[in-house]
Amino acid sequence: MKPYCQWSKEELLKLKEELDARYQEAKAKGLHLDMSRGKPSAEQLDLSMGMMDVLHSGVDLKDSEGVDCRNYGVLDGVKEAKQLLGEMSEVSPDNMIIYGNSSLNVMYDTVARAMTHGIMGHTPWCRLDKVKFLCPVPGYDRHFAITEYFGIEMIPVPMTPQGPDMDMVEELVSSDPAVKGIWCVPKYSNPQGITYSDETVHRFARLKPAAEDFRIFWDNAYSVHHLYDDDQDFLLEILDECEKAGNPDLVYKFCSTSKISFPGSGVACIATSFNNLKDIKKQLTIQTIGHDKVNQLRHVRFFKNIDGIHAHMRKHAAIMRPKFEAVLDTLEQGLGGLGIGSWIRPKGGYFISFDSLEGCAKAIVAKCREAGVILTGAGATYPYGKDPRDSNIRLAPSFPTREELQMAADLFVLCVKLVSVEKLLEEK
């Protein structure tokens, strides 16, 4: 089929009439589906139910060093939990602190600490006239929400197939001391599913910031979230590369088990240099006496080691892969060759990124909502919720059942066609 832009006005009007009729039929089905967040499905959560059985009233709740995990203490996490998350993060256990369930919470705390007390003796950001953050786009809306909440100016940086536009990153970081950080989801990025190339990681490690307290916020949320056993992306380890480049303090690396075990009760961590860890612990000793060591022990005894995590994630992939392929196949069959949308086929992560014709994303999301399918708000993948092209839409296939997902994907394709035809008719 030829691209819609080559259709005559008469052909488009006839097509719009057909699409309008199909849309009314879809609305009559009374769908109530929510694809707005990347939530694991109940089937995925069931995979971790055995974790509820590894600890009970009759077991020893001491860690490998004899620490009673029921009691106070061990600020940076029990030894075997640091070993497990260290293996998952590809860093030494000595370079990390284990927190509670949410890496987002750790990122918020990290920004808040920089605002109120500064980083490693530097001026607290709240006392500066201007603080800026670089934001690869499209990106993770909750990252942007943190910096917006603290009044930090956000500067969009376009994503490429290799990661953020590093020419732009290097220029802004090296020339402007007000630039204090950059948000990164370096593996299977949210929402595009892009993994940063080796060259991109090398260039990050070799940055020469104008601000000595500049930090890379490296949110490696999807480090083990592959969809395929035999076709996986590889990401260079950033702390090691920074060390080699003589920039050991440049990065904060975050990860968690939120989409591995239970999102509401996982284990999160930060990995960084010894200097940064020392700086963080000054605040942490005031904030807490220690995080949930019983939950840390529960995770260790369930997964045991990195091989246990990989085996567990293959079960997740078996559930996720058909859902991703169903949506991607529906996009290809319904929109391929029409010139009204583009998308990336990710090898892992939790999202599919769709780009519509310019000026159509909000209308597509609104039409889907009107017919009973809730998507992430158009613009959410950009700072301040403002997509300058109004084209990017994040699709989250994980939570619905396969049947629900197929209905949602079919409706999405229908809405893309209808809004695109209306847009093209306006331009005729």
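The values are calculated or read from the model by the stated rules, or taken from the named source; none is laboratory data. Since we're looking at a predicted model, the values are computed, not measured. For neighbour counting, all protein chains shown are included, and Cβ atoms are generated from backbone atoms with ideal geometry for every residue, glycine included. Each accessible area value is taken on the protein alone, full model and side chains, heavy atoms only, with ligands, DNA and RNA left out. Shrake-Rupley method; radii C 1.70, N 1.55, O 1.52, S 1.80 Å.
A few comments on the model shown:
- Residues located in the range 63-79, provided they are within 22 Å of HIS310 (Cβ to Cβ) and open to solvent by less than 40 Å² (accessible area, probe 1.4 Å): GLY77, VAL78
- Some residue of the range 109-119 being open to solvent by 70 Å² or more (accessible area, probe 1.4 Å), over 20 Å from the mean Cα position of the chain (by Cα) and modelled with pLDDT under 95: no
- Residue list for the range 367-408, filter: without any contact (Cβ under 8 Å) to a residue 12 or more places away in the chain and either surrounded by 19 or more Cβ atoms within 10 Å (Cβ to Cβ) or farther than 24 Å from TYR149 by Cβ (or both): ARG369, GLU403
- Subset of the range 45-60 that is within 22 Å of ALA318 (Cα to Cα) and of a type in the set (A, V, I, L, M) - its residue that is most open to solvent (accessible area, probe 1.4 Å): MET49
- In the range 20-59, residue farthest from GLU422 (Cα to Cα) [restricted to those that are more than 34 Å from the chain's Cα centre (by Cα) and in contact (Cβ under 8 Å) with a residue 40 or more places away in the chain]: ARG22
- The lone criterion from (1) touching a residue at least 60 places away in the same chain (Cβ under 8 Å); (2) out of contact with any Gly (no Cβ under 9 Å at 6 or more places or on another chain) left unmet by PRO191 is number (2).
- Tally, over the range 147-168, of residues that are of a type in the set (Val, Ile, Thr), under 20 Å from SER353 (Cβ atoms) and in contact with a Pro (Cβ under 9 Å, 6 or more places away or on another chain): 1
- Residue list for the range 272-287, filter: β-branched (Val, Ile, Thr) and either in a helix (DSSP H, G or I) or farther than 18 Å from ASP213 by Cβ (or both): ILE280, THR285, ILE286
- Considering the range 28-44, the residues that are assigned to a helix (DSSP H, G or I) and open to solvent by 70 Å² or more (accessible area, probe 1.4 Å) include one that is farthest from PHE262 (Cα to Cα), namely ALA28.
- Count - residues of the range 151-167 that are at negative phi and touching a Cys at 6+ places or on another chain (Cβ under 9 Å): 5
- Those residues of the range 63-95 which are β-branched (Val, Ile, Thr) and more than 20 Å from SER261 (Cα to Cα), in sequence order: VAL67, VAL74, VAL91
- In the range 238-262, the residues that are farther than 22 Å from GLU80 by Cβ and within 16 Å of the chain's Cα centre (by Cα): TYR252
- Scanning the range 205-237 for residues that are open to solvent by less than 10 Å² (accessible area, probe 1.4 Å) and of a type in the set (Phe, Trp, Tyr), we see that the one that is farthest from the chain's Cα centre (by Cα) is PHE214.
- Candidate set: the range 366-416, residues that are acidic (Asp, Glu) and part of a loop (DSSP other than H, G, I, E, B); chosen: the one nearest to the chain's Cα centre (by Cα): ASP387
- Residues of the range 181-203 satisfying the condition of being buried (at least 18 other Cβ atoms within 10 Å of the Cβ), over 18 Å from HIS226 (Cα atoms) and within 21 Å of the chain's Cα centre (by Cα): GLY181, ILE182, TRP183, CYS184, THR200, VAL201
- Looking across the range 324-351, just one residue is assigned to a helix (DSSP H, G or I), within 17 Å of ASP231 (Cα to Cα) and touching a residue at least 40 places away in the same chain (Cβ under 8 Å), and that is PHE324.
- Lone qualifier among ILE352, ILE344 - being buried (at least 19 other Cβ atoms within 10 Å of the Cβ) and closer than 22 Å to TYR196 by Cβ: ILE352
- Summed over the range 285-308, the residues that are hydrophobic (A, V, I, L, M, F, W, C), at pLDDT 95 or above, surrounded by fewer than 22 Cβ atoms within 10 Å (Cβ to Cβ) and out of contact with any Cys (no Cβ under 7 Å at 6 or more places or on another chain) give a count of 3.
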